[in-house]
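Participant: Here it is, the structure, as structure tokens.
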Amino acid sequence: MHDLLIAPFVEFGFLRRALVGCLALSVSAPVLGVFLVLRRMSLTADVLAHGAMPGVALAFLLAGFSAPALWFGGLVAGLLVAVGAGALSRATGGREDATLAALYLLALGAGVAIISIGGGGGVDLAHILFGSVLGVDDPALLLMAGVATLTLAVLALGWRPLVLECFDPSFAAAVGARGGAWHLVFQALVVLNVISAFQALGTLMAVGLMMLPAIASRHWARQVSGMAYAAVGIAVLASVTGLLVSYHVDVPTGPAIVLIAGGIWAVSVLVGPVDGLAHRLLRRRHLAG
Amino acid sequence: MTSTRNPAGIRLVDLTLTHGRRPAVHHVSGHFAPGSLTAVVGPNGAGKTTLLRALAGLHKPESGTIAQDGTARIALLPQLAALDRAFPIACLDVVMQGLWPRLGAFRAASTQDRARATQALAAVGLDGFEKRPVGSLSAGQTQRLLFARLLVQDADILLLDEPFNAVDARTSADLLRLVREWHGQGRTVVAVLHDLDLVAREFPETLLIARDAIAWGPTAQALTAGNRLKARMMAEAWSDEAEVCDRAA
């Protein structure tokens with residue numbers, strides 16, 4: 001048991017770093033995911049992760065393999081896609097999801113074009129996009145912890161307006177809750193969380209740790225706050241288990257963690273106390289009142 | 001739950017509200033007197049909801065002005081359809097949202113605030129619903145819940161958008177009783193309604209609107225057969241040949 005669960009972390013420094021990084025990510029990203037689900041924006045995180053690509057590629061082309069440069073490039077590109085889509089759809093009256101799709105396809109095309117101009121980018125860039133547990137160095141760990149701390153602080157301050165803006169936007173506007181401004185801050189946090197997961201999980205897999213626990217949490221709680229706690233719990237479980245699986249079975253970390261999170265989601269759908277399928281199959285008799 | 005009233009009205013001067021370049025409310029002038037109880041009636045697409053949203057500060061006038069007497073607190077009851085009723089939130093938390101004007105985003109609610117919210121739930125006939133998720137409520141119960149939030153909000157001017165739609169007779173009677181109470185307390189109430197019998201029975205003032213104000217005044221004088229016919233004649237379709245409006249601003 002000790003060999004299976006504890007020893008890998010005791011023995012290998014890089015695994016310990018990855019564990020700390022993933023746990024930091026697990027307390028912040030899934031909470032954002034819960035709000036994305038509630039706003040019917042489940043696919044937005046994915047779009048933002050792809051949208052960050054040309055920024056990363058351009059930074060790679062200009063600055064080489066320098067982590068801060070890559071983060072900065074990804075952050076700027078991701079924010080441009082997120083904020084640009086919101087602003088453009090408000091100004092032109094279009095649907096935000098449609099504008100978002102247009103911008104992200106554009107960004108993806110630009111990203112691939114820039115990478116091919118730069119000579120393919122090589123293994124390092126693949127690591128950035130798909131993640132490698134060996135990539136979690138000190139700056140990456142600091143970034144992950146910093147982003148998680150910032151995210152939790154902002155969520156604590158903005159909880160009330162964020163909930164109000166999701167539930168009843170016109171009431172929020174009528175009482176001057178600045179829902180729109182909080183939504184922008186919220187989107188910035190989503191981009192930051194995706195970027196900070198670059199090294200450990202890769203941008204694309206980071207979205208999995210943000211969304212899968214959030215989607216599963218619906219089957220464990222009936223209120224937003226309960227869903228947030230459930231999502232964090234699921235993410236922590238998926239991170240620890242995923243890292244161990246990745247070590248023992250020799251699968252990359254990102255997919256391992258995402259697959260475990262996906263498995264927990266499947267279990268939640270089946271036996272979760274809220275709207276789980278098992279409850280339907282039990283066909284218990286109805287109550288008297 | 002009643003603080004000292006600050007009787008407040010709203011004056012419209014040559015108000016025009018547009019969606020794009022198309023007018024939804026066209027050169028309307030008049031006064032919602034302090035403490036008045038006014039029904040806003042008119043055909044679909046007549047600009048009623050747009051007017052209410054503008055009164056609440058949510059829609060910027062294209063031209064003309066909306067002026068409040070003093071600094072009144074305004075509360076808006078949006079149409080039920082504007083709400084995300086699948087959102088996972090408990091009834092008591094929805095009612096507590098009415099405290100926003102006092103607490104804002106950051107201040108904590110006191111035990112008194114909580115008690116006030118619980119009282120408001122009881123006042124709309126939803127005692128025992130504190131922990132129920134909103135998604136489990138019927139349309140009528142949801143409307144009762146939103147009235148509880150209005151009670152907690154304790155505003156001077158109340159704007160109600162189709163408050164009795166999709167609501168059964170008993171619920172609308174209960175909610176109407178609250179509206180009468182608000183009127184009795186000297187609050188200014190403006191309600192968008194479709195049931196003209198109800199308007200004739202309960203609302204002293206009426207604004208009959210079909211983009212232009214057809215009539216605005218005591219209900220009996222506003223809702224004459226002639227005026228109602230005029231409102232019904234409003235062309236709902238846009239004219240592609242519509243020219244630029246040259247009415248003096």
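Participant: Go ahead and run the numbers for FRET between B:R201 and A:T92, Cβ-Cβ distance against an R0 of 56 Å, rounding to 0.05.
Facilitator: Step by step, r from the Cβ atoms, then E = 0.80.
Participant: Taking Rh as the Kirkwood radius computed over C-alpha pairs, what is the Stokes-Einstein D of the protein assembly as shown at 25 °C in a medium of viscosity 0.890 mPa s, expressed in µm² per second?
Facilitator: 94 µm²/s
Participant: Continuing with the same structure: With both bridge residues required to lie in the protein assembly as shown, what share of the DSSP beta bridges run antiparallel, to the nearest 5%?
Facilitator: The antiparallel fraction comes to roughly 55 percent.
Participant: Is any helix in chain A, taking whole DSSP H runs, at least 20 angstrom long along its axis by alpha carbon and on average at least 0.0 on the Kyte-Doolittle scale, and which ones?
Facilitator: Sorted by number, the helices that extend far enough and score high enough are A:13-38, A:67-92, A:96-117, A:138-167, A:179-196, A:203-217, A:224-249, A:253-271.
Participant: Moving to a separate point now. At a 10 Å Cβ-Cβ cut-off, how would you order A:Y104, A:Y247, fewest neighbours first?
Facilitator: A:Y247, A:Y104
Participant: Something else now. Is chain B rounded, prolate or oblate when judged by the Cα gyration tensor, a ≥ b ≥ c being the square roots of its eigenvalues, rounded requiring a/c under 1.5 and prolate requiring a/b larger than b/c?
Facilitator: It is prolate, given that a/c is not under 1.5 and a/b is the larger ratio.
Participant: Classify segment B:1-97: rounded, prolate or oblate, from the alpha-carbon gyration tensor (a ≥ b ≥ c, eigenvalue square roots; a/c under 1.5 rounded; otherwise prolate if a/b is larger than b/c)?
Facilitator: Oblate, since a/c reaches 1.5 and b/c is not below a/b.
Participant: Just subtract the alpha-carbon distance of B:K131 and B:S29 from 0.36 nm times their residue separation and send over the number in nm, one decimal.
Facilitator: 32.2 nm
Participant: Sort B:197-203, B:33-39 for me by packing, meaning the mean count of neighbouring Cβ atoms within 10 Å per residue, highest on top.
Facilitator: Packing order, densest peptide first, comes out as B:33-39, B:197-203.
Participant: Once you place label points 7 Å from the Cα toward the Cβ at A:S42 and B:Q119, how far apart are they in nm?
Facilitator: About 4.3 nm separates the two model spin labels.
Participant: Okay, moving on. Report the label-to-label distance for B:R21 and A:L237 in nanometres (one decimal), using points 7 Å from each Cα along the Cα→Cβ vector.
Facilitator: Result: 6.0 nm between the two label points.
Participant: A further question follows. Please give every one of the lysines within straight-line cross-link reach of B:K60, meaning a C-alpha to C-alpha distance under 20 Å, and leave out same-chain neighbours fewer than 8 residues apart.
Facilitator: B:K48
Participant: Whole Å is fine, so just give me how far the alpha carbon centre of segment B:83-101 lies from that of segment B:29-64.
Facilitator: 26 Å
Participant: When the Cα centres of segment B:154-200 and segment A:50-73 are compared, how far apart do they sit, in Å?
Facilitator: About 58 Å separates the Cα centre of segment B:154-200 from the one of segment A:50-73.
All of the numbers you see were taken from the coordinates with simple rules; none came from a lab. All values derive from a computational prediction rather than experimental measurement. We place every Cβ from the backbone using ideal geometry, glycine too, and count neighbours over all the protein chains shown.
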